[in-house]
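K.L.:
Got a structure for you, written out below as structure tokens; questions coming shortly.
Every read-out reported here was derived from the displayed coordinates using simple, explicitly stated rules and does not represent laboratory data. Just so we're clear, the structure is a prediction, and the values are computed from it rather than from any experiment. We place every Cβ from the backbone using ideal geometry, glycine too, and count neighbours over all the protein chains shown.
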């Protein structure tokens, strides 16, 4: 009995790779556009694609179209692999892409600021997330002219670092002298909540 004709016979490795690349491009675009973009993709778009692919795979199996089933399986595997890798690296990838696209403007804004209080580094809010005032997380772009935060960025550990007014969970190096600094939930630079981030006494 003939296995497949028409559409299935024209399939090759380009198809699953194209599906994976297209899905990756959509995921990265959403990721760059919004801090919630990756979760929208993972919680909504990816399940729709997976369910559609599984239905097509079941139909191919019922119709005994083994070749079409094999290619559908490869497309799903490639899609899941690319989506998973991008999701696991979303924070670093998003920061790098946003910096690549906006660094010139952001640098100018930070450098144009007046001198900060003694002992603190020039900074600006780079990103804030949260839901109606709950679980707010703020990331700051920080200019460090002496690159003193380089060790903090390599350690990947929380700590109290020079030029930042309170303990922070993460420092990431964007390029020489420029860093993104995550603050703990509901903590902001210059504010006082569980931590004193006002910088008094610095």
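K.L.:
By count of other Cβ within 10 Å, fewest leading, how are 100, 161 ordered?
P.N.:
Going from least to most buried by this count: 100, 161.
K.L.:
Now for a separate question. What list do you get for 39, 183, 79 if you sort them by fewest beta carbons within 10 Å?
P.N.:
Ordered from fewest to most neighbouring Cβ atoms within 10 Å, 39, 183, 79 come out as 39, 79, 183.
K.L.:
Let me have the relative contact order for the range 8-88, percent, based on Cα pairs under 8 Å that are six or more residues apart.
P.N.:
50
K.L.:
Below 8 Å, C-alpha to C-alpha, sequence gap of six or more: please give me the relative contact order for the range 13-139 in percent.
P.N.:
This gives 26 percent for the range 13-139.
K.L.:
Using only the alpha-carbon atoms of the range 8-88 as identical scatterers, what base-10 log of I(q)/I(0) does the Debye formula give at q = 0.13, 0.19, 0.25 Å⁻¹?
P.N.:
Log10 of I(q)/I(0), two decimals: -0.42, -0.79, -1.14.
K.L.:
Pop the C-beta distance of residue 59 and residue 36 into the FRET formula with R0 = 45 Å and round what comes out to the nearest 0.05.
P.N.:
Working from the Cβ atoms, E equals 0.85.
K.L.:
Can you figure out the FRET efficiency of residue 18 with residue 45, using R₀ = 25 Å and their beta-carbon distance, to the nearest 0.05?
P.N.:
The pair residue 18/residue 45 has a calculated efficiency of 0.90.
K.L.:
Using a Förster radius of 41 Å, what is the FRET efficiency between residue 70 and residue 193 based on their Cβ-Cβ separation? Nearest 0.05, please.
P.N.:
Once rounded, the FRET efficiency stands at 0.15.
K.L.:
Output the relative contact order of the range 103-182, whole-number percent, from Cα pairs under 8 angstrom with separation of 6+ residues.
P.N.:
The normalised contact order for the range 103-182 reaches 26 percent.
K.L.:
In addition: Which residue, 169, 16, 114, tops the fluctuation ranking in a GNM of the chain built on C-alpha contacts under 10 Å?
P.N.:
Among 169, 16, 114, the largest mean-square fluctuation in the Gaussian network model of the chain belongs to 114.
K.L.:
I would also like to ask the following. Using a basic spin-label model with each label point 7 Å from the Cα along Cα→Cβ, how many nm lie between residue 104 and residue 147?
P.N.:
Those two pseudo-labels are separated by 2.4 nm.
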